[in-house]
Amino acid sequence: MNSENTILSPQILPHGQDGILVCFDRKVTQQAGAAALTLRRDITLADLPGISEVSASLTSVLVRFDPDATTRAVLSKTLGTLLAARDWAQFDTPAPTRRWTIPVTFGGAAGPQLAQSADLAGQSVEQAVSEICNTELRVLTIGYAPGQPYLGMLPDHWGFPRLPELTPAVPAGALVVAVRQLVIFTNASATGWRQIGQTAFRPFLQDRAEPLLFQQGDAVQFTTISHAEWQSLEADNADGLGGAICKVTS
């Protein structure tokens, strides 16, 4: 078991008139996120009657149902049976099936808050970039905007709070740090998080043959490139990959 892992004790909770929430942890961890993804897959494969939606978040799984087709009591019992089929106390983060390598230019105009973020993390800029690029992150969840990934987890010293004021806009491809997570913005947007870099990689392009590139659970590693190299990738980026490489591992 990973040294950062804890013992998971999933809870089945009511969620509105037609929903049930299975919560694995009250804090965001890679292990809880992986457990949520695993349960979502188990529920989907079970093809249970009366379910209208199954959605995994950072630490939990939301199951919505049609009250005319099933009841909360019946579904809760079935979910309990599915949960009992796995030993969550010994659950470890599964190995990724895909690994992405994504070029990023850090600092300067592409990362105006890198120095401040490094200082908050107690590091020099060089140490901060090195640590980010040497940490294998996982796609914990996708949301806020179409295809927008939340990648984690960075070490504890990256757990500082957001800015006191909103930044009016960061561009598409902005890499921001958000409480031990990194986010690649898919569209220009206001944000309270700190922008530390920029990538030509676009996780979501509506008109691309495969609009959404990431899957929850993917492994991601960043490599540092110069500002000029990033500009070159942006200039010839019809597929939105921006020099990124994806290797299927199993």
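So here's what we get for this one:
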{"quantity": "Output for segment 18-32, where each listed residue is of a type outside the set (Val, Ile, Thr) and at pLDDT below 95", "calculated": "PHE24, ASP25, ARG26, LYS27, GLN30, GLN31, ALA32"}
{"quantity": "Residues of segment 38-62 that turn out to be open to solvent by 40 Å² or more (accessible area, probe 1.4 Å) and touching a residue at least 40 places away in the same chain (Cβ under 8 Å), as a count", "calculated": "2"}
{"quantity": "In segment 31-72, residue nearest to the chain's Cα centre (by Cα) [restricted to those that are β-branched (Val, Ile, Thr) and within 30 Å of GLN181 (Cα to Cα)]", "calculated": "THR59"}
{"quantity": "Cβ-Cβ under 9 Å pairs, at least 6 apart or on other chains, segment 7-27 side touching a residue at least 40 places away in the same chain (Cβ under 8 Å), far side part of a loop (DSSP other than H, G, I, E, B) and among the charged types (D, E, K, R)", "calculated": "LEU8/ASP25; SER9/ASP25; PRO10/ASP25; ASP18/ASP66"}
{"quantity": "Subset of segment 98-127 [out of contact with any Gly (no Cβ under 7 Å at 6 or more places or on another chain), touching a residue at least 24 places away in the same chain (Cβ under 8 Å), open to solvent by 20 Å² or more (accessible area, probe 1.4 Å) and not small (Gly, Ala, Ser)]", "calculated": "ARG98, ARG99, THR101, PRO112, GLN113, GLN116, LEU120, GLN123"}
{"quantity": "Residues (assigned to a strand (DSSP E or B) and open to solvent by less than 40 Å² (accessible area, probe 1.4 Å)) located in segment 128-173", "calculated": "LEU137, ARG138, VAL139, LEU140, THR141, PRO149, LEU151, GLY152, THR167, VAL170"}
{"quantity": "Residue satisfying condition, being part of a helix (DSSP H, G or I) and modelled with pLDDT of 90 or more, within set LEU48, LEU75", "calculated": "LEU75"}
{"quantity": "Candidate set from segment 223-250 (those that are assigned to a loop (DSSP other than H, G, I, E, B) and within 16 Å of GLU210 (Cα to Cα)); member that is most open to solvent (accessible area, probe 1.4 Å)", "calculated": "ALA238"}
{"quantity": "Test: residue in segment 197-211 that is modelled with pLDDT of 95 or more, under 22 Å from LEU37 (Cβ atoms), touching a Pro at 6+ places or on another chain (Cβ under 9 Å) and not in a loop (DSSP other than H, G, I, E, B)", "calculated": "yes"}
{"quantity": "Verdict on ALA35 being open to solvent by less than 50 Å² (accessible area, probe 1.4 Å) and in contact with a Phe, Trp or Tyr (Cβ under 7 Å, 6 or more places away or on another chain)", "calculated": "yes"}
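Table: residues versus (1) under 14 Å from ALA145 (Cβ atoms); (2) over 19 Å from the mean Cα position of the chain (by Cα).
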| position | (1), (2) |
| --- | --- |
| LEU166 | no, yes |
| ILE196 | no, no |
| ALA200 | no, no |
| PHE214 | yes, no |
| GLU229 | no, yes |
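The values are calculated or read from the model by the stated rules, or taken from the named source; none is laboratory data. Keep in mind that this is a model prediction, so the values were computed, not measured. Note that each Cβ is placed from the backbone with ideal geometry, even for glycine, and that neighbours are counted across all protein chains shown. These accessible areas exclude ligands, DNA and RNA; they are computed on the full protein's heavy atoms, side chains included. Shrake-Rupley method; radii C 1.70, N 1.55, O 1.52, S 1.80 Å.
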